[in-house]
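Peer 1: The following block contains the structure, expressed as structure tokens.
The values are calculated or read from the model by the stated rules, or taken from the named source; none is laboratory data. These numbers were taken from a predicted model, which means no experiment stands behind them. Counting neighbours? That spans all protein chains shown, and the Cβs are built from the backbone with ideal geometry, glycine included. These accessible areas exclude ligands, DNA and RNA; they are computed on the full protein's heavy atoms, side chains included. Shrake-Rupley method; radii C 1.70, N 1.55, O 1.52, S 1.80 Å.
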Amino acid sequence: MGFAHVYDFVDGKVEWIAHGLPVEGAGPHYAVAGEVADRGAVLACRLGDRIGDVAHQLDTVAHDYCVVLNDHDIVLGRMRKKNMPGALGAVVEDVMEPGPTTVRGTEPAKGLLERMKIKNVPAVIVTTSKGRLMGVVTQEALHRLLASTA
């Protein structure tokens, strides 16, 4: 048929939107967390990383934790700054909190923002449907997204 590059995106339209891919049309916008997930706002660390090597990097990001990833960028845990004192020679998995709360990139923005406000949660880790880190989303980012789609 003459097409040089053909792709099959099987995850659906909402997953497409969550990954920030372009959409067309005049229909209603379905605001989801993945649209504003900020990968640069959170530090990622890996199993086996020394805490001392990670600790100074935490001062370069907005959040006081690093997201612990495996070799495929799947979220395994969270290592908080408050758990580091006295453990600088240890490795990340010695002090990480396994299985942190996450939301999928397809999470509806309005409902997520409401839950975050009720529970006074400033930011949430966002992953793909397969658990791969997309970034973090803040209440402020969700406010901006919802205001831009109103």
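Peer 1: Taking 0.36 nm per residue of sequence separation and subtracting the Cα-Cα distance, how much length would be gained by fully extending the chain between TRP16 and LYS119, in nm to one decimal?
Peer 2: Difference between extended and current length: 34.2 nm.
Peer 1: For the chain, give the share of DSSP beta bridges that are antiparallel, in percent and rounded to the nearest 5; count only bridges with both residues there.
Peer 2: Roughly 70 percent of the DSSP beta bridges within the chain come out antiparallel.
Peer 1: Restricting to DSSP H runs of at least four residues, report the calculated mean residue ellipticity at 222 nm for the chain, -39500 (n - 2.57) per run over all residues, nearest 500 deg cm²/dmol. Provide the component values of the computation, followed by the final result.
Peer 2: Values: 5 runs with 36 residues, N = 150.
The helix-only estimate for the chain comes to -6000 deg cm²/dmol at 222 nm.
Peer 1: Hand me the tally of lysine pairs in the chain: alpha carbons under 24 angstrom apart, and the pair either on different chains or 8 or more positions apart.
Peer 2: On the way: LYS13/LYS110; LYS13/LYS130; LYS81/LYS117; LYS81/LYS119; LYS82/LYS117; LYS82/LYS119; LYS110/LYS119; LYS110/LYS130.
Eligible lysine pairs with Cα atoms under 24 Å apart amount to 8.
Peer 1: So, one more: Counting only heavy atoms of protein chains, what accessible area per residue, in Å², does the chain have with a probe of 1.4 Å?
Peer 2: 60 Å²
Peer 1: Considering only ALA33, ALA62, ALA44, give the residue with the highest GNM mean-square fluctuation for the chain, with springs between Cα atoms whenever their separation is below 10 Å.
Peer 2: For the chain, modelled as a Gaussian network with Cα springs under 10 Å, the answer is ALA62.
Peer 1: In addition: Of (i) 11.3; (ii) 14.7; (iii) 8.1, which one was derived for mean projected area of the Cα convex hull in nm² from the structure shown?
Peer 2: Step by step, mean projected area of the Cα convex hull in nm² for this structure corresponds to label (i).
Peer 1: If you don't mind, there's one more thing I want to ask. Using a Gaussian network model of the chain with C-alpha springs under 10 Å, which one of ASN70, ASN120, ASN83 is most mobile by mean-square fluctuation?
Peer 2: It is ASN120.
Peer 1: Using a Förster distance of 35 angstrom, determine the FRET efficiency expected from the C-beta separation of ARG132 and ALA26, and round it to 0.05.
Peer 2: Rounded to the nearest 0.05, the efficiency is 0.65.
Peer 1: Using a 1.4 Å probe on the protein heavy atoms only, what accessible surface does TYR30 show? Give it in Å² to the nearest 10.
Peer 2: 100 Å²
Peer 1: Oh, and also: Summarise the accessible area of the chain (1.4 Å probe, protein heavy atoms) by the percent that is carbon and sulfur.
Peer 2: 54 percent
Peer 1: Another question, if that's okay. Mind ordering 92-103, 125-136 by average Cβ neighbours within 10 Å, highest first? Display every interim value, and only then the final one.
Peer 2: Working: 92-103: 15.8, 125-136: 19.5.
In decreasing order of mean packing, 92-103, 125-136 become 125-136, 92-103.
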